[in-house]
Amino acid sequence: MGKETFLPFMCVLSVLWCLADPGCRHQIARIGAWIALAAIAGVLTTAVVDLVVENRVVWPWDIAASERLGSFFPSLFKELVHRNVVYTFIWLAPLGAFRIRNLPRPWVVGSLGAALAATVLGAWHDMGGGVARPLFSCLGGVLSCSTAVFLWSTISGSPHGFERGRSRFDTGQVLEHQASGLHPDHRQPGRR
């Protein structure tokens, strides 16, 4: 799984992020158009690169159809119990699960969706342990941040892991202050 897999991961992550973010719902048509344009640009870029390298146009869906190697469910089982996947996630997934609610919901939902897409594509291609890298690309950031929050809260004794006492990242507050040009820590006195 290489450059062609970026397209489904990007599309799944973007769509699910948008659906999970209440701030995006009133702009769904505009954001959907940008996601579609990004997908079209990705497909065309992949086709042009293949044209230059291989002197023929190879569409991503042609690659996916030609790479079907094994039976789906045995391949899925084989990839989930492969040592590369187990070694990568045996410690990170449990530690990350403790504080995953502290992260922005759109990021978590989008990352989980992209990881599901990676898992399905890996089983489709019968990748076995080779799916660990794309899975980590999709989930690594979320699980690492969640693990860091969990470990910090354990070490510091703070129930939430943040010195300022916030139990969640407030993406709405951050976006509001970015739009107003003010950083949340540089608010005017008396303004919340």
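For the reader, a short list of remarks on this structure follows.
- Sites V58 and L116, calculated FRET efficiency, Cβ-Cβ separation with R0 30 Å, nearest 0.05: 0.75
- For the peptides 6-19, 39-52, the ranking by packing is 6-19, 39-52, with the highest mean count of neighbouring Cβ atoms within 10 Å listed first.
- Tensor-based shape of segment 25-105 (alpha-carbon gyration tensor, a/c under 1.5 rounded, otherwise prolate or oblate): oblate
- A simple spin-label model places the labels of L37 and L19 2.3 nm from each other, with each point 7 Å out along Cα-to-Cβ.
FYI, it's all coordinate maths here, none of it is from the lab. Since the structure is predicted, the reported quantities are computational estimates derived from the model, not experimental observations. Cβ coordinates were reconstructed from backbone atoms using ideal geometry, including for glycine residues, and neighbour counts include every protein chain displayed.
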